[in-house]
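So the structure is just underneath, and the comments pick up after that.
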Amino acid sequence: MWESFQEPSDKLLTNMKLTLNVRTGEKVRLISWKSPSDPSTGSFSSGLHISDIPEIFCWNGTRPYSRTGPWNGRIFIGVEGMSSVYLNGFKLGVDDQEGTFYFSFSFPKNPLSYYFLNSQGKLVEALKVEGKDDWIINTSYLGTECDVYGKCGAYGSCDSKRKPICSCLRGFEPKNKEEWNRGNWTSGCVRRKLLQCERINKTGEVGKADGFVKMPMMKVPDFAEMSSALENECRDGCLNNCSCIACAYDVGIGCMTWRENLLDTQKFSSDGTNLYIRLAHSELDKKDLTVIILVPLIVGMVTIAICTFFSWRWTAKRKAMKSKRKAWKLWNENNIVNLIDPVISAPCFELEIIRCINVGLLCVQEFVKDRPSMSTVISMLSSEIVDLPTPKRPAFTETQNAFDTESSRQRQNCSVNNVTVSLIQGR
């Protein structure tokens, strides 16, 4: 039993580990039977493959036969329909400091389940259901022709829902059209138009900059390289690197880029990742160009709108405080009539206007206890309270000069990337 955990044959049991030591090359893999009735060693093996991002590969002899796509901490993103419910019982990690990676599983609800690699190179899940004698074959990885490694060759994409299943990626054409038309897609596709860097090196022509075409719900190609770039930096970083031909972003992995042939790409009908293929400017349609132009334009407009709002708010606040300061100055000089707009000033309304100003000054007192409640304000304005209290010095009148100086300094320091507006407000 314990020896089988080190040499698992064709079965992967609960908590059994597939391992790979990246330093020594020592590994534990699944090995298929020769046939369903012949337990001798078959042609297929399956185990961990660590290049830059961990994956599980299946090999036919020494040649790759299928792969799961990169592990993102929850699922293998190249397996369509793989559940993301809290790890789904799967675990991939590093055992020790010697560089030994491992993959295992444990399903609490189905403790008697296991996986086995059959003689056709398919990884199959078997379940034991309570009350039934037979094992139930639940799922089988490598369910379609498109799961066969590199089915459509370099720069080809496989879609099991289409006939024929292989097509060239946008901006590419079959390398050998006769073979391609006969259904032999292994030679793959080649780029129709040179990218900007290649064009400059070969012809000296600069031309317009490259762009991306977005391909949603894709199994990403093999040979992905991880980058530390954030999501909003991933595509820009790829465009600024002449050797980068595609990129994608996954929250669990980060930014992925490709420099070699885009191989083993597949179109999913659900799940998958947004894959961005770099193309020459002339290969981009109007929709792609619109996205390239509109995104920075919208970001710029939003930034301008935010700065405009804060500037307007600062200006409005400053005007209000200046009016308050002037009102207090005229009130102390017993000259409050000069604050009244001549358009509405008339001897018959003068006392009512002065009463309104008096109430207004009471409402902006520095301390809450000195401010009237709303019900009291209404009584004051309707003359139910005849004798109004004399207002004290309102808030801001002494700090106005300091506010003006500080605000001016902040306006000079305002930039597109760091907008800061500090406002001193009364309680």
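FYI, it's all coordinate maths here, none of it is from the lab. Everything numeric in this text was worked out from a predicted model, so none of it was measured. Because the Cβ atoms are built from the backbone with ideal geometry, glycine has one as well, and the counts that use them run over all protein chains shown.
Packing-based ranking of 234-247, 141-154 yields 141-154, 234-247, ordered from highest to lowest mean Cβ neighbour count within 10 Å.
Computed FRET efficiency, Cβ-Cβ of residue 271 and residue 22, R0 22 Å: what is it to the nearest 0.05? If you can, show how the numbers build up before the last one.
On the way: r = 28 Å, r/R0 = 1.30.
Once rounded, the FRET efficiency stands at 0.15.
In this structure, the pairs whose alpha-carbon distance is over 23 Å, taken from 122/219; 11/91; 34/132, are 34/132. Annotation: amide H of residue 190 within the under-5 Å range of 173, 175, sequence separation 5 or more or interchain, hydrogens built in the peptide plane. If you plug the beta carbon distance of residue 241 and residue 333 into 1/(1 + (r/R0)^6) with R0 = 56 Å, you get a FRET efficiency near 0.20. To make sure I understand the rule: partners must be lysines, Cα under 17 Å from the Cα of residue 208, and not fewer than 8 residues away in the same chain. Which ones qualify? Within the straight-line cut-off, residue 208 pairs with 193, 286, 287.
Working from label points 7 Å from Cα in the Cα-to-Cβ sense, the residue 311 to residue 200 distance is 3.6 nm.
Residue separation times 0.36 nm, minus the C-alpha to C-alpha distance between residue 319 and residue 11: what's the value? Don't jump to the answer; show the numbers that get you there.
On the way: separation 308, 0.36 × 308 = 110.88 nm, distance 7.85 nm.
Gain in length upon complete extension: 103.0 nm.
Out of every Cα-Cα pair that region 199-261 contains, those further apart than 13 angstrom amount to 65 percent.
Amide H contacts for residue 274 (H built 1.01 Å from N in the peptide plane; partners 5 or more residues away or on another chain; cut-off under 5 Å): 217, 218, 249. Amide hydrogen proximity for residue 93: with H placed 1.01 Å from N in the peptide plane, the residues at 5 or more positions away or on another chain lying under 5 Å are 102.
Computed 3J(HN,Hα) for region 72-77, one whole-Hz value per residue from the Karplus formula 6.51 cos²θ - 1.76 cosθ + 1.60 where θ = phi - 60°, is 10, x, 10, 9, 8, 6, glycine and proline marked x. Using only the C-alpha atoms, the convex hull of region 38-185 corresponds to 179 Å³ per residue.
At R0 = 51 Å, how high is the FRET efficiency between residue 192 and residue 304 if r is their beta carbon distance? Nearest 0.05 is fine. Computed FRET efficiency for residue 192 and residue 304: 0.85. Let me make sure I get this right: for region 124-263, a, b and c are the square roots of the gyration tensor eigenvalues over alpha carbons, sorted descending. Under 1.5 in a/c it's rounded, otherwise prolate if a/b > b/c, else oblate. Which is it? It comes out oblate by the Cα gyration axes.
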